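Here you go, one structure.
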Amino acid sequence: MSEKTVTRTELSKAIHNEVGLPRSDCAELLDDVLKMISASLVNGEPFKVTSFGSFTVRHKGKRLGRNPKTGEEVMISPRRVIVFRPSLKLRQRVNR
């Protein structure tokens, strides 16, 4: 299984090929969408994309962890993490 990182440039080219807008407009459109997602998550609000999935922020409390190398117990501070949950349609497409 090969891993592939999709870049902003590749996404904006794909938008350009599909929609036909100028490349600079496609890059600006992509940046605006990514800023909307980021701003929503920074504010702790979920971001849902129909037929794709939703991004949410989950709060993890303070907990006791362990250094796997030394076995030493360490207190892990509370933090927020981003969670992606795929939609049913996306899961069905992946499992075909």
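Consider region 40-96. How many of its residues are outside any strand (DSSP E or B), in contact with a strand residue (DSSP E or B) (Cβ under 9 Å, 6 or more places away or on another chain), of a type in the set (A, V, I, L, M, F, W, C) and loosely packed, with under 11 Cβ neighbours inside 10 Å?
2
I would also like to ask the following. Consider ALA14 against the criteria (1) touching a Pro at 6+ places or on another chain (Cβ under 8 Å); (2) part of a helix (DSSP H, G or I); (3) of a type in the set (A, V, I, L, M, F, W, C): it satisfies all of them except one. Which criterion is unmet?
(1)
In this structure, does THR70 turn out to be out of contact with any Lys or Arg (no Cβ under 7 Å at 6 or more places or on another chain), in the same structural domain as ARG93 (by TED's automatic domain parsing) and of a type in the set (Val, Ile, Thr)? Reasoning before the result, please.
Working: out of contact with any Lys or Arg (no Cβ under 7 Å at 6 or more places or on another chain): yes; in the same structural domain as ARG93 (by TED's automatic domain parsing): yes; of a type in the set (Val, Ile, Thr): yes.
Judged against the criteria, THR70 is a match.
The values are calculated or read from the model by the stated rules, or taken from the named source; none is laboratory data. Quick caveat: nothing in here was measured; it's all calculated off a predicted structure. Glycine also receives a Cβ, built like all others from the backbone with ideal geometry; neighbour counts cover every protein chain displayed.
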